[in-house]
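Below is one structure, written out as structure tokens; comments come after it.
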Amino acid sequence: MSRHVAVLMGGFSSERPVSLDSGEACAAALEEAGYRVSRVDVDRNLPLTLAEMKPDVAFNALHGPFGEDGTVQGVLEFLGIPYTHSGVLSSALAMDKEVSKILARKAGIPVAESKVMNRFDIGSAHPIPAPYVIKPVAEGSSFGVLIVDGDQPHPPQSVTSDDWRYGDIVMVERYIAGRELTCAVMGDVAIGVTEIVPHGDKFYDYDEKYSENGATHVCPADLPVHVTRKIQDYSLRAHKAMNCRGVTRSDFRYDDRRSEDGEIIWLEVNTQPGMTEQSLVPELAAHAGHSMAELVSWMVEDASCGR
């Protein structure tokens, strides 16, 4: 009898729509691979739902808070259901941009200078020399990211407005000019590097990531061999520094305007990377010779508790 896989999707973070798309793409690929699949739109009754369903494996296709930060991983540990991706502590560490940068720096990975502060303390004066980036410490998909240009007279007022929905603690980080690169890790292998070329925007924001024609993906990235190898090395180091499991994806900026070696800066590791048709990990896996069905099958067979 084929293994029963519960694909967890949706949830209640800002990234719910993306998670639904990721979950459906993974569910379809798992069915193609011969698994018996149940699609679970996650709500606060998840423990009861899974206790009644009794799946062999939970495929975690959730993104953002509750799905990517160790919370649902703890539920699955408690229920004793093997699950994909990273474990409780690794997920929590990687989701926190401040802590993950500390660990990355200790692992010899270059990161940008930054400071963490309450958004209400930013005030009318620039907290660090512009240009810089303001980002929530625990959001994904570029939600809440603001770029402050060098000619702006003061910080953006939206960060202290009542409409801000991304928590009170933010990271203020030196803006890194240059190219947007990403590298996937599958198990203990860095499987490739892609360059993301946004269409007319300064950075790879939510719309660029998930709209059909949002950005051009150059896979593999057109880079000097030694730069590609360095990015793969940093990605694998980040994966191991946070004791990640399964599939992760590290994001970088590469400024090669002055020299071929340039400046490589690691931004973050994604323990629950997107798995939609437009997503980077399935694309990188395909270039490495793995179909979508093979990729999700590998993830299911890699699933465990105590990760």
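The values are calculated or read from the model by the stated rules, or taken from the named source; none is laboratory data. Since this is a predicted model, take the numbers as computed values, not measurements. Methodologically, a virtual Cβ is constructed for each residue, glycine included, from the backbone with ideal geometry; neighbour enumeration extends over all protein chains shown.
Taken over region 90-132, the residue count meeting the criterion of being free of Cβ contacts under 8 Å to residues at least 60 places away in the same chain and among the aliphatic types (A, V, I, L, M) is 9. The set of residues in region 247-261 being farther than 15 Å from I109 by Cα and surrounded by fewer than 21 Cβ atoms within 10 Å (Cβ to Cβ) consists of D255, D256, R257, R258, S259, E260, D261. Within region 150-175, being assigned to a loop (DSSP other than H, G, I, E, B), over 17 Å from the mean Cα position of the chain (by Cα) and closer than 21 Å to A138 by Cβ holds for P155, P156, S161, D162, D163, W164, R165, G167, D168, Y175. Just for region 54-71: of the residues that are touching a residue at least 60 places away in the same chain (Cβ under 8 Å) and either more than 16 Å from G246 (Cα to Cα) or among the charged types (D, E, K, R) (or both), which one is surrounded by the most Cβ atoms within 10 Å (Cβ to Cβ)? Among those that are touching a residue at least 60 places away in the same chain (Cβ under 8 Å) and either more than 16 Å from G246 (Cα to Cα) or among the charged types (D, E, K, R) (or both), it is E68. Mind telling me which of the residues K135, K115 ends up being in contact with a Pro (Cβ under 8 Å, 6 or more places away or on another chain) and over 20 Å from M242 (Cα atoms)? Residue meeting the stated conditions: K115. The sole residue among A238, A293 that is closer than 24 Å to S2 by Cα and in contact with an Asp or Glu (Cβ under 9 Å, 6 or more places away or on another chain) is A293.
Yes or no, residue by residue, for (1) part of a strand (DSSP E or B); (2) among the basic types (K, R); (3) without any contact (Cβ under 8 Å) to a residue 60 or more places away in the chain:
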position: A221; (1), (2), (3): no, no, yes
position: T228; (1), (2), (3): no, no, yes
position: R253; (1), (2), (3): yes, yes, no
position: E260; (1), (2), (3): no, no, yes
position: M275; (1), (2), (3): no, no, no
position: L284; (1), (2), (3): no, no, no
position: A293; (1), (2), (3): no, no, no
position: M299; (1), (2), (3): no, no, no
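When E31 is tested against the conditions (1) surrounded by 22 or more Cβ atoms within 10 Å (Cβ to Cβ); (2) more than 23 Å from R165 (Cα to Cα), the lone failure is (1). Of everything in region 211-252, what is of a type in the set (V, I, T), within 15 Å of G192 (Cα to Cα) and over 15 Å from the mean Cα position of the chain (by Cα)? Give them in sequence order. Across region 211-252, the qualifying residues are V218, V225, V227, T228, I231. Among the residues of region 267-292, those that are among the acidic types (D, E) and either closer than 15 Å to V185 by Cβ or modelled with pLDDT of 95 or more (or both) comprise E268, E283.
Screening T84 on (1) hydroxyl-bearing (S, T, Y); (2) surrounded by fewer than 22 Cβ atoms within 10 Å (Cβ to Cβ); (3) modelled with pLDDT of 95 or more shows it passes everything except condition (2). Of the residues screened, V133 is not one that is touching a helix residue (DSSP H, G or I) at 6+ places or on another chain (Cβ under 9 Å) and not in a loop (DSSP other than H, G, I, E, B).
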